[in-house]
1. Extension gain Tyr47-Asp143, at 0.36 nm per residue separation less the Cα-Cα distance, in nm?
2. At 1.4 Å probe size, with the rest of the protein present, what percent of the exposed accessible area of region 38-170 is carbon and sulfur atoms?
3. Whole-Hz ³J(HN,Hα) for each residue in region 138-154, computed from phi via Karplus 6.51 cos²θ - 1.76 cosθ + 1.60 with θ = phi - 60°, x for glycine and proline: what do you get?
4. Gln157 versus Tyr57, label points 7 Å from Cα toward the beta carbon: distance in nm?
5. Taking only protein heavy atoms and a 1.4 Å probe, what accessible area per residue, in Å², does region 55-170 have with all protein chains in place?
6. Residue farthest toward the positive end of the dipole of region 122-164, with Cβ of Lys/Arg at +1 and Asp/Glu at -1: which of Gln157, Leu124, Ser140?
7. With charges only on Cβ, +1 for K and R and -1 for D and E, what is the dipole size of region 41-170 about its Cα centre, in debye, rounded to 20?
8. I need two numbers for region 72-135: Rg to one decimal and Dmax as a whole number, Cα atoms only, in Å.
Amino acid sequence: MRAISAILLSLAFALPAVGQSSKDTYTRARIPPTQQDAARRDPVLSYVEANVAETLYHELAHALIDASMDGIMVTDERGIIQSVNPAFSVLTGYSEREALGQNASLIGSGKQSPQFYKEMWSHLRQNGTWQGEIWTRHRSGRDYLEWLTINVLHDAQGNATNYIGTFSDI
């Protein structure tokens, strides 16, 4: 769960570099804008304030993820599950403990063709996101249709580092 919080926080603080549009390179701001003035006044105070602010943001992100009615799954670049939220467990029947370290295919139903996945991954590589209906298998063996959105996270060199799937039962 902490991994999801950290990833969402890094997304929340992705801001355009000064003098650049949102289509240009992004930089990550670790100190919220309200704390930047304090950083110029007193480095020790600003360090403490920044750490408190970052802790509060982490706690808020964690609470929002836990409260989401959508299932959330984060995988690494190889598709190994790194983090899930409580709604994931409700929707799939798999506990966090059972899911972590498993391949995302854990919840695959086998109903989609190889061509479906080939097109989905091609779209993900080209656009950084994919959205659509997909059949998933509950731990009980029951297949159900879900609405899935997958977003790709990249490192500074442009390499895919994580995939974030959010889904709901339809």
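1. Working: separation 96, 0.36 × 96 = 34.56 nm, distance 5.03 nm.
Additional length available on full extension: 29.5 nm.
2. Working: 4220 of 7790 Å².
Answer for region 38-170 is 54 percent, counting heavy atoms of protein chains only.
3. With the stated coefficients, region 138-154 comes to 5, 3, 6, x, 6, 8, 9, 8, 10, 9, 10, 10, 10, 10, 9, 9, 10 Hz.
4. Those two pseudo-labels are separated by 2.6 nm.
5. Numbers: 6540 Å² over 116 residues.
Ligands and nucleic acids excluded, the result is 56 Å² per residue.
6. Ser140
7. Working: 9 positive and 16 negative charges, 112 e Å.
Roughly 540 debye, rounded to the nearest 20.
8. Spelled out, the Cα radius of gyration and Dmax of region 72-135 are 12.4, 33 Å.
The values are calculated or read from the model by the stated rules, or taken from the named source; none is laboratory data. Just so we're clear, the structure is a prediction, and the values are computed from it rather than from any experiment. Don't worry about glycine lacking a Cβ; one is built from the backbone with ideal geometry, like all the others, and counts go over all protein chains shown. All accessible areas refer to the heavy atoms of the entire protein, side chains included, with ligands and DNA or RNA removed. Shrake-Rupley method; radii C 1.70, N 1.55, O 1.52, S 1.80 Å.
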